[in-house]
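What follows is a set of notes on a single structure, which appears directly below.
The values are calculated or read from the model by the stated rules, or taken from the named source; none is laboratory data. Just so we're clear, the structure is a prediction, and the values are computed from it rather than from any experiment. Don't worry about glycine lacking a Cβ; one is built from the backbone with ideal geometry, like all the others, and counts go over all protein chains shown.
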Amino acid sequence: MILRIIYQRSIQVKTSFYALECCYNGNTMKVELPKSVQEILDKFDKAGYEIYIVGGAVRDIIMGKITNDWDFTTNATPEQILKIIPGGLYNNQFGTVFTDNPDDLQRPHEITTFRKEENYTDFRHPKKITWGKNLEEDLSRRDFTINSLALDKEFKVIDLYKGQEDIKNKLIRAVGDPDARFGEDALRMMRAVRIASELGFLIENKTFEAIKKNAPLINKIAKERVKEEFFKLLASPNPYDGVVLFRNSGLMQEVLPEMEKCFGVEQKSPGRHHIYDVGNHLLMSLKFCKSADPVTRFATLIHDIGKPLTYKKLENGTITFYNHEMVSTKIAENIADRLRFSNKEKDKFIKLVRWHQFTVDEHQTDSAIRRILRNVGLENVEDMLALRIADRLGGGARETSWRLEEFKKRLIEVQKQPFTVRDLKIDGNDVMKELNLKPGPEVGKILNDLFDKVVEKKIENEKKELLAALRP
Ligand code: ATP
Ligand code: MG
């Protein structure tokens, strides 16, 4: 066995950490175990209960990775757990007690009584949660072999489903019969693809075939949960590989059918440079997207999603997609609503898709550039450029052009100038006094005209000059 954990419980490397040495793919690594984790193991042990570290934490440790996400399982009931951890917070829906993780307050330690699951009714939630008799039963209800490993208080690995071997071979394999497991809880299919993308693993054949067969069941799952998994996939180190897997598994057809329709839509035209069909161009754009933000990555992935609906082939063979960014924006809006994006996420997602075609013509006026900034929002400018560059690279063009570089410089320049009418050195009162006007739309119009003149550098933003410009 290449994989082993040499435990050195008595060796304290730092005051607050215990060390575990593990060997993964021939590399020996030291993983530090937080003191708070050690304390939980000790407390349960002293109280005479079984306690194990389970799930992602064990998988990560074996791969030599530090984790902040600690799950435990025990034969103590929730009431007994609360006696051992008096400050714990009990969530009776899952039978889990949460307690503070001093190393990461966002991710409390989770201690759950051994569980077994039965009677799935809605492809997601078991009808009732029943306590399992022992660790074996608890491990058997877990989704994948690499997630069904446990570490006991002596740091011995308990591996009933050859999870370590699958880690070594970089494989996601369902525990038990994959077809039945996805039938019980369809979210597991998204988890398989997402975890594969995060870890750079492949999905084992039978498990993959079962996803293809059961993919339509994903529609039974709450959209928030599907979205959460897809965002995690997009945020992973190789989202391109993850989305290809997502497509090949049949899940794209269910979750993003509008995207699936982009494959096979040709965009080569006489005299126009396009090396990929729409779907593959979108995938390649994602591959080149430099932003780490999942919303920007998602927008990059679907920025041309309206092309199949706007496709036209002219008599001379030219293919056009007139108005595709408007149609793409509408589809983006539908996707954001369907997948229950937050308002903030939706706003950014739509803006990036809507304005991705901005022109970078060197003859553009400052007000045109200002308009782009206003449309897309200052806070999104960097991600807008990331999408644009990804779009170029994903279409086989060079990363940048002198026009784009020029445009970036002007974006910065323009931002240093007064930005809205409110930044003018005179206001509506000055206009009314100077021209003897009553309040009304006329005043606003005059201010806007002045503002444009300042932007076009025809006059300076100085009170004296502005007032002078008002007079005929
Ligand atoms: P991550 O924290 O990165 O999402 P994880 O493997 O720790 O990865 P969690 O969602 O924290 O995933 O779940 C903890 C453990 O609970 C998993 O490792 C797995 O053993 C089990 N688990 C989670 N979701 C399911 C599920 N849908 N079906 C079966 N077991 C599950
Ligand atoms: Mg976890």
Quick check: anything in segment 348-362 among the polar types (S, T, N, Q), more than 30 Å from P270 (Cβ to Cβ) and part of a loop (DSSP other than H, G, I, E, B)? no
Could you say whether any residue in segment 404-420 is farther than 30 Å from H303 by Cβ, assigned to a helix (DSSP H, G or I) and over 32 Å from the mean Cα position of the chain (by Cα)? no
Look at S197 and say whether it is hydroxyl-bearing (S, T, Y), within 16 Å of ligand 2 (Cβ to nearest atom) and either farther than 21 Å from V226 by Cα or within 28 Å of the chain's Cα centre (by Cα) (or both). yes
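Name the residue that is farthest from D177 (Cα to Cα), counting only residues in segment 210-235 that are touching a Ser or Thr at 6+ places or on another chain (Cβ under 9 Å) and among the basic types (K, R).
Within segment 210-235, the match that is farthest from D177 (Cα to Cα) is K232.
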Looking at A215, A150, A192, which one is closer than 26 Å to F341 by Cα, of a type in the set (G, A, S) and in contact (Cβ under 8 Å) with a residue 40 or more places away in the chain? A192
Among residues of segment 36-63, those that are in contact (Cβ under 8 Å) with a residue 40 or more places away in the chain, in a loop (DSSP other than H, G, I, E, B) and away from ligand 1 (no atom under 16 Å from the Cβ), counted: 1
Segment 154-209: helices (runs of 4 or more DSSP H) wholly inside it with 1 or more residues that are away from ligand 1 (no atom under 12 Å from the Cβ), more than 21 Å from F246 (Cα to Cα) and out of contact with any Phe, Trp or Tyr (no Cβ under 7 Å at 6 or more places or on another chain) are 163-168
Scan T74, T96, T112, T121 and give me the residue that is modelled with pLDDT of 90 or more, more than 14 Å from ligand 2 (Cβ to nearest atom) and among the hydroxyl-bearing types (S, T, Y). T74
If the Cβ limit is 7 Å and pairs must be 6+ apart or interchain, which residue in segment 402-431 that is under 23 Å from E382 (Cβ atoms) pairs with which residue that is among the basic types (K, R) and surrounded by 14 or more Cβ atoms within 10 Å (Cβ to Cβ)? V414/R370
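Residues that are of a type in the set (G, A, S) and closer than 30 Å to K268 by Cβ: does segment 426-448 have at least one?
Within segment 426-448, not a single residue is of a type in the set (G, A, S) and closer than 30 Å to K268 by Cβ.
Right, K344: assigned by TED's automatic domain parsing to the domain that holds H274, at pLDDT 85 or above, within 30 Å of K220 (Cβ to Cβ) and under 24 Å from the mean Cα position of the chain (by Cα) or not?
Answer is yes for this residue.
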Go through segment 302-329 and give me each residue that's surrounded by 16 or more Cβ atoms within 10 Å (Cβ to Cβ) and either free of Cβ contacts under 8 Å to residues at least 40 places away in the same chain or more than 23 Å from T359 (Cβ to Cβ) (or both). G306, P308, L309, T310, H324, E325, V327, S328, T329
